Amino acid sequence: MIHFLKQFRALRSHTGLTSAPGVIAGRLLVLILGLILLSPVIFILWGAATGSHGESWPHVKEYLLTPALKTTAILLIGVALVSLLFSLPAAWCLSNYQFWGRRLFSILLILPLAVPPYIAAYITTEARESAIPWLVEIRTNHGIDTYLKAELYHRYAWLIAIMASVLYPYIFLATRSVFAHRSRQLGQAAQLLGAGRWRRFRTIHVPLVRPAAIAGLFLVCMEVLSDYGAAKHFGFNTVTVVIFRTWFGLDELETARFLSGTILAGVLVILILERLQRGRARFGEAHSSIDNLQHTGQSGTLLCWIVCSLPIALGFAYPLVTLIQWQTEHQQNFVLSEYRSEIIRTTLLTLSVALICILISLFFLAFARFTKRRLDQTLAQAISSAGYAAPSTVMAVGVLGVASLSRTFSSENESLQSLLVSGSLIWLLFALTSRYLAVSGQVISAGFQTIPTPLEQSARILGRKPWMVFLTIHLPLLRAPLIGATILVSVDISKELPLTLLLRPFDFETLGTSTYSLVNQGHLFASATPALILIGLCAIGLIIVEFLNRKK
Amino acid sequence: MILARTTLIFFLLISLLKAAEVRLYSERHYTADKTILAEFTKKTGIEVKIVKAGANELLARMKAEKDAPQADLYLSVDAASLERASNAGVLQKIESPDLSSRLPKGFGPKDDAWLPITMRARVIVYAKDRVKEAEAPKTYADLANPQWRGRLLIRSSTSHYNQSLLASIIASDGKGKALTWAQGVKNNLARPPQGGDRDQVRGVALGQGDLAVTNSYYLGILENSDDEKDRKARESVGVIFPNQDGRGTHVNISGAGIIKGTKNKKEALALLGFLTSPEIQAKYQKLTSEFGVIKDLEREPLQKAWGEFKPDYQSLHELADHQKEAVKLFDLVGWP
């Protein structure tokens, strides 16, 4: 027994990082980096915790909060369910069946990610207006109360459908590879052993796909929770809308901060609970070939087609066709060069933030991987997720606060001061990094999970230093997730609005801000040009990711 | 150290080379502004730099930058927002007798905290085919009349335009009457508020409601639109300037304030002078259908067709005082 323990310790010392000074230094660095990255969030939470909420809090609680919570819950549940419905069956079809058009679908299914939710929301204007005669008929025939109900359901249905249709790819991307590899192999094994369909589904596929589905679902829910443009355009008072009403309408930043601080804390608790409940279960992924796909018959092909094309039609084809229609019918010509500076700015801004995000995520995750401590993993995840959980505009206030603080601390150094003025690009980069670290973190963390631990254990036992293992084993194996993370972060940032709008330097227009300001002044048709370029660029990026993944 | 010094010299060089400029925080998203500002640069050689965002966001940024102001001018589309910026201590007095002499007496703010540039009226439109002109509401109070149950379209109370409208009612009629009014209007809504002013007019054209409330210049935008549906929507509605027998139609101001601590006050004043020159005021009327604010300015033909009206200047400078109260009243009656 003692002998065994000794052996175990020896093995552990070769596989985990146990040299105490290194671990402590690394952990310290993680903490310092985390502290810097989370400073805007801390600034908000600190303000919420120390200052009392403003005098309007009872008013907000009594008149605004309950209905807003209800609306938000309906939207969250609705969008979550519909996006699961859009993503899971499609991911299942693509990874289990061979049917005509399968490869094309696997690219097209990601493309809705290229459409910003607020643009998707504006695009429905005409379609929703076409239902007005029908609603008017209900009013004349069934009275005003039935009409109001129908009107409400009609709006909920549109918003949930349109948001789910542009957000489901987060879940699709996360779950596809799980279905394609592990879950299919184990499923086949279970089938050979005589397990029925339902049993295989319940005991193999659901638990295996759960972590990935929840990771994707988290991104979807955060997008819905922090959305302002789409919900407001549809006339829904969500919690985020209430936060802004408290801040802007009632002029009480402290109450708004208190509200967002509470929501942020709630999101973090949910995240931690999910992690605890998942327990220590880890699902390593074996590499498998995808050549033994099941061929479908005619009806099977048809079914696969329906399952795959519905989300694409709603989330990509519909916005694209509408925009092209606006463009060709109402704009004289499509002048790409008119938007040259916007294109360059968007590309440079998004790629540089993506690069920073990836470097930081790599450091956090690689460190957690080597120490093999749950503490480090939780820390890495908490730091990455917290920025994503705060509503953008409130986050911007945090960043402005930190900017002001940093100027106070650097008051003796003039050149540093001129770098730290608000409106300097540094703060925009900082804010975007702090917020979108969650995306690169999720993708790279999933990538790390696909690397079998025996590989690095062998290398460590053979005497390789951790950083050598990282450079020679992890990095090459992470190539696809890294490129994936770069593009996903870039796509997300080019769709982002509140932070860019609020923190950008003078005369700094991106494709997103141009689209927004045109829509905002009522030039729906003119907004088609920048919107189309934006969607086009994002789509190209996503297609590149898809091809790179295939090569692997 | 060398790096720091080089950076310092670099920044000094840049500041020497920099042409005269004026930096704007603007809530105005209109394409016309781009044309007008380009004209200013051409005429004076002063570069205009701009950050566009919502009034509240910009106010937050100005407050956070108090120690190191980045912009010279703040442009807003709501008198209450300008007043709030002034109350927050981020604006300085304009103090230019030349500029204030261009405005009608009693029109600008008492303390010269900001300068009006354009004006818009909040009007009522009605479906010409379903509502007779004689029956159409003549005052804002009429909008709360139960005869319009399920027939009125108006945008969300998050809009500054509606907050200022209710603030003007609080200012002239008191809180109690304002509450009753808001409740009445809420009961008459044909649908929960959604979209902008223009969507309300389109809603009337499509038959979802018979009345709508909109800012006057949206009617101009619809009339000049390249979309046939917009032009038809405009054609199908009649326009009423409310409260003509009483205190006048509620008007709001798009204006500008000079930010405290700016290094470019001279250039900022030059821009304000340019924007309130007769030529540019006429241009605003033509391009955006907003009303110019200076004395003796002739209205555009499109605006003349709406008819002459009496504006409510009285409550204009009390809007900010009642804005918070207005928001609370909206919440009380459940007008989202």
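The values are calculated or read from the model by the stated rules, or taken from the named source; none is laboratory data. The model shown is predicted, which means the values in this text are computed figures rather than measured ones. Positions of Cβ are generated from backbone atoms using ideal geometry, with glycine treated the same way; all protein chains shown enter the neighbour counts. Surface accessibility is based on the protein's heavy atoms, side chains included, excluding ligands, DNA and RNA. Shrake-Rupley method; radii C 1.70, N 1.55, O 1.52, S 1.80 Å.
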In the full protein assembly as shown, how much of B:LYS63 is accessible to a 1.4 Å probe, in Å² to the nearest 10? 90 Å²
Extreme residue, positive dipole direction of the protein assembly as shown, given options A:SER434, A:LEU173, A:LEU264 (C-beta unit charges): A:LEU173
In nm, spacing of pseudo-spin labels at A:ALA189 and B:ALA88 (7 Å Cα→C-beta vector): 6.1 nm
For the residue pair A:SER352 and A:THR203, what label-to-label distance in nm results when each label sits 7 Å from Cα along the Cα-to-beta-carbon direction? 5.6 nm
Binned Cα-Cα distance frequencies in region B:35-158 - 5 Å width, integer %: 2, 7, 14, 14, 14, 13, 10, 9, 8, 6, 2, 0
I need the Debye-formula profile for chain B: one equal scatterer per C-alpha, no solvent, reported as log10 I(q)/I(0) at q = 0.06, 0.11 1/Å, two decimals. -0.23, -0.73
Please compute how much accessible surface disappears when B pairs with A, both sides summed, using a 1.4 Å probe, and round it to the nearest 100 Å². 5000 Å²
Find the accessible area per residue for region B:192-336; the probe is 1.4 Å, ligands and nucleic acids are left out, and the unit is Å². 36 Å²
For region A:323-464, the dipole about the Cα centre with charges only on Cβ (Lys and Arg +1, Asp and Glu -1), to the nearest 20 debye, works out at 700 debye
Starting from the Cα of B:ASP129, step 7 Å toward the Cβ, then list every residue of region B:219-255 with an amide N under 17 Å from that point. B:228-239
In debye, nearest 20: dipole of chain B around its Cα centre with unit charges on the Cβ of K, R (+) and D, E (-)? 440 debye
Can you tell me the orientation of helix B:278-288 relative to chain B, as the angle in degrees between its alpha-carbon axis and the longest Cα principal axis, to the nearest 10? 50 degrees
Using a 10 Å cut-off on Cβ atoms, rank the peptides A:474-482, A:534-542 from the highest mean neighbour count down. A:534-542, A:474-482
For the protein assembly as shown, percent of DSSP beta bridges that are antiparallel (nearest 5) comes out at 60 percent
When the chain is fully extended, how far beyond the present Cα-Cα distance does A:HIS330 get from A:ILE24, taking 0.36 nm per residue of separation? 103.9 nm
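If we sort B:232-241, A:201-210 on the protection proxy, mean other Cβ atoms within 10 Å, highest first, what's the order?
Top to bottom by mean Cβ count within 10 Å: B:232-241, A:201-210.
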Enter the angle in degrees (range 0 to 90, nearest 10) between the Cα long axis of helix B:265-275 and the first principal axis of the Cα atoms of chain B, meaning the one along which they spread out most. 40 degrees
C-alpha long axis of helix B:2-17 to longest principal axis of chain B, angle in °: 60 degrees
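Based on a Kirkwood Rh over C-alpha pairs, give the Stokes-Einstein translational diffusion coefficient of the protein assembly as shown at 20 °C and viscosity 1.002 mPa s in µm²/s.
73 µm²/s
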Ranked packing of A:521-533, A:75-87, most packed first, by mean Cβ within 10 Å: A:521-533, A:75-87
How shielded is A:504-511 by partner chains, expressed as the average number of their Cβ atoms within 10 Å of its Cβ atoms? 4
Put +1 on the Cβ of every Lys and Arg and -1 on every Asp and Glu Cβ in chain A; which of A:VAL79, A:THR408, A:LEU518 then has its Cα farthest towards the positive end of the dipole? A:VAL79
For A:LEU375 and B:ASP67, extending 7 Å from Cα along the Cα-Cβ vector and measuring point to point gives, in nm, a value of 3.5 nm
Top positive-direction residue, dipole computed over chain A with Cβ charges, set A:GLY194, A:LEU375, A:SER490: A:GLY194
What 222 nm value per residue comes from the helices of chain A, counting each DSSP H run with n ≥ 4 as -39,500 (n - 2.57) and dividing by all residues, nearest 500 deg cm²/dmol? -24000 deg cm²/dmol
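Given R₀ = 30 Å, what would the calculated FRET efficiency be for A:THR140 paired with B:GLN183, taking r from the Cβ atoms and rounding to 0.05?
E(calc), rounded to 0.05, equals 0.75.
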Modelled FRET efficiency - R0 41 Å, B:LYS310 with B:ARG149, Cβ distances, 0.05 increments: 0.90
In peptide A:141-152, how many Cβ atoms from other protein chains are near each Cβ within 10 Å, on average? 2
Dipole size in debye (nearest 20) for region A:125-190 around its Cα centre, Lys and Arg Cβ +1, Asp and Glu Cβ -1? 500 debye
Mind checking region A:54-134 for GluC sites (Glu not before Pro) that DSSP puts in a loop (not H, G, I, E or B) and that have at most 12 other Cβ atoms within 10 Å? A:GLU55
Using a 1.4 Å probe on protein heavy atoms, which residues of region B:179-213 have at least 40 Å² less accessible area in the complex than alone? B:PRO192, B:GLN194, B:ARG198, B:ARG202, B:LEU206, B:GLN208
Output ³J(HN,Hα) for region B:195-211: one whole-Hz value per residue in order, computed from phi by the Karplus curve 6.51 cos²θ - 1.76 cosθ + 1.60 with θ = phi - 60°, and x for Gly and Pro. x, x, 4, 5, 5, 5, 5, 4, x, 5, 4, 7, x, 6, x, 9, 10
Short version: which residues of region B:216-258 lose at least 40 Å² of accessible area, all chains versus chain alone, 1.4 Å probe? B:ASP226, B:ASP227
For A:133-140, mean number of other protein chain Cβ atoms within 10 Å: 3
